[in-house]
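The values are calculated or read from the model by the stated rules, or taken from the named source; none is laboratory data. It should be emphasised that the depicted structure is a prediction, and the values quoted were computed from it without experimental measurement. All Cβ positions, glycine included, derive from the backbone under ideal geometry; neighbour counts span all protein chains shown.
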Amino acid sequence: MNPVDIIKKYYNPDSKIFKMLLQHSRNVTKMAVYIALNIKGLNPDIDFIKEAAMLHDIGIFMTNAASLGCYGKYPYICHGYLGRELLEETGLPKHALVCERHVGVGITVDDIKRQKLPLPLRNMEPVSIEEKIICYADKFFNKSKQHADKQKTIEEIEQGLSLFGHSNVIKFRLLTKLFKENGFHISPDCLS
């Protein structure tokens, strides 16, 4: 299975959004593989991570995020569950769950109710180690053209997450702790 071929089903390869999505997905994939190779005892499926990390944002074209070149009808926060639907239709149910569960640091049913989010009422937190790795790796990179290859620091990530509530910072710190306890240490630039 070639993730880029799947992305091409929904994105024009000559478009700005395709190039942006590919660049972001490759950065997230590199970071996710770096994490997976540097944690001991958790035994992540690296081949699955390579595929799922490339596909985690496949649903963004259906959202309204003009700064990214997306002119769909849904709010951006919906891209995870929309990507899940696309990949389930493609016959990739495990990859589909990564799409849905990578948004933020996971979204709970309580979050959806309390914040009146336009999402299906179900738990959307990462469960498997592969889902957790991809969710975590995604936080290190923006999609904006001017910052696409700049790896964020832990402090920058936490500052951004704090805008959506301190509980998100706590979730991120718990993932950081899980990976550190298993041998992973973030380098200033894991893409080098």
List the helices (runs of 4 or more DSSP H) inside the stretch 1-119, counting only whole elements, that have at least 1 residues being modelled with pLDDT under 95, of a type in the set (A, V, I, L, M, F, W, C) and crowded, with 19+ Cβ neighbours inside 10 Å. 16-37
Any hit, the stretch 80-102, residues being free of Cβ contacts under 8 Å to residues at least 40 places away in the same chain and over 20 Å from Ser25 (Cα atoms): yes
Some residue of the stretch 133-149 being under 22 Å from Lys30 (Cβ atoms), hydroxyl-bearing (Ser, Thr, Tyr) and free of Cβ contacts under 8 Å to residues at least 40 places away in the same chain: no
Tell me yes or no: at least one residue of the stretch 13-22 is on the phi < 0 side of the Ramachandran plot, among the basic types (Lys, Arg), out of contact with any helix residue (DSSP H, G or I) (no Cβ under 6 Å at 6 or more places or on another chain) and free of Cβ contacts under 8 Å to residues at least 40 places away in the same chain. yes
Quick check on my filter: what residues within the stretch 133-142 are in contact with a Gly (Cβ under 9 Å, 6 or more places away or on another chain) and either farther than 21 Å from Leu21 by Cβ or part of a helix (DSSP H, G or I) (or both)? Cys135
For the stretch 143-176, which positions are within 15 Å of Val103 (Cβ to Cβ) and either out of contact with any helix residue (DSSP H, G or I) (no Cβ under 6 Å at 6 or more places or on another chain) or assigned to a loop (DSSP other than H, G, I, E, B) (or both)? Lys143, Ile157, Gly160, Leu163, Phe164, Gly165, Ser167, Lys171
